[in-house]
Every structure is written in structure tokens, then in C-alpha cells.
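Where a number appears in this text, it was derived from the coordinates with a stated rule and is not lab data. Everything quoted here is computed from the prediction, not taken from an experiment. Methodologically, a virtual Cβ is constructed for each residue, glycine included, from the backbone with ideal geometry; neighbour enumeration extends over all protein chains shown.
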Amino acid sequence: MKNRGLLNADIIREIAAAGHTQMIAIGDAGLPIPCGVRRIDLSVVQGVPAFADVLGAVCNELVVEAYTYAEEAGPENPEVVKVMTEMMPGIPGRTVAHEDFKILLQRANVVIRTGECSPYANVILTAGVNF
């Protein structure tokens with residue numbers, strides 16, 4: 001058994017298997033996950049686990065090269081944008097229209113579904129390299 005860090009075996013497996021430029025998404029409870037994209041569903045009840053908690057745990061394990069989120073998050077949920085920028089300082093973030101975000105999800109290796117119930121609390125993390 002691991003003694004610290006991320007404990008979820010499915011998420012650990014996905015992070016360990018991710019290659020450079022591959023994508024891991026973290027989504028709120030309402031994010032439509034495309035057919036054929038692997039889903040790790042962590043949702044328990046509304047708000048549990050929170051988007052920020054899952055993002056923090058994943059960012060502690062994954063080399064993140066860049067991240068993408070819906071441009072609508074800025075005006076609709078500035079707190080989630082603040083969380084992303086604070087958890088990933090110096091990492092380039094980009095925005096796309098929410099409809100384009102949902103299309104981009106089709107290329108993700110996995111979507112981790114949280115219990116978050118605030119609007120646009122979704123991010124696609126692009127894996128980097130540690131060398």
C-alpha cells in the first residue's frame with residue numbers, strides 16, 4: 001500500500017501510463033463524457049469530492065505541461081479558474097469555447113468525474129515529461 005499521495009489505483013494507473021502530450025481530464029458531475037472515453041467516477045454526493053481536491057491530488061502526481069478549460073468559466077465560475085491557476089503556477093493555460101472543450105474530450109485518455117456541482121469546473125491536463 002502507498003503511504004502518501006494519491007491512493008486511487010485507477011487514477012494512479014492512468015497517470016503512470018500517460019505519455020507526453022496525452023490528456024487526462026477532470027470534470028464536474030454534469031460534464032458529458034464522450035462514448036469510448038474511459039471514465040473514473042469518484043462522485044459520491046453533490047460536492048464530494050470537490051473539483052479542487054481531485055485537481056490537487058492529480059497535480060501532485062502528474063507532470064502537467066499545459067491545461068485547457070472552457071472560456072465560459074471565467075465569467076461564470078471565477079473561483080474555479082483561480083484554483084487552476086494557483087495549483088498550476090507557471091503552467092500555460094488556454095481557453096476554448098465549452099462546445100469545443102467537449103469535442104476535445106474525445107481525445108482524452110480518461111475523464112475523472114468529481115462530485116463538483118458548480119458551472120464549468122472542468123479541465124483537460126496535458127501530460128509533460130520530467131526530463
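DSSP beta bridges in the chain, what fraction antiparallel, as a percent rounded to 5?
Close to 45 percent.
Say a site is exposed when it is one of the trypsin sites (Lys or Arg not before Pro), sits in a DSSP loop, and has at most 14 other Cβ atoms within 10 Å; what is then the longest site-free stretch of the chain? Display every interim value, and only then the final one.
Numbers: sites that count: K2, R4.
Answer from the scan: 5-131.
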**Q.** Residues with amide H under 5 Å from that of V48, placed H, sequence gap 5 or more
**A.** G115
Q: Between V58, V45, V83, find the one with the highest GNM mean-square fluctuation for the chain; connect C-alpha pairs within less than 10 Å.
A: V45
(Q) Applying a 10 Å radius around every beta-carbon, put 85-92, 67-74 in order of their mean neighbour count, most first. (A) 67-74, 85-92
Q: Please build a GNM for the chain, connecting alpha carbons under 10 Å apart, and tell me which residue among C117, C59, C35 fluctuates the most.
A: C35
Q.
If you split all Cα-Cα distances of segment 11-125 into 10 Å bins from zero, what percentages do you get per bin, shortest first?
A. 15, 53, 32, 1
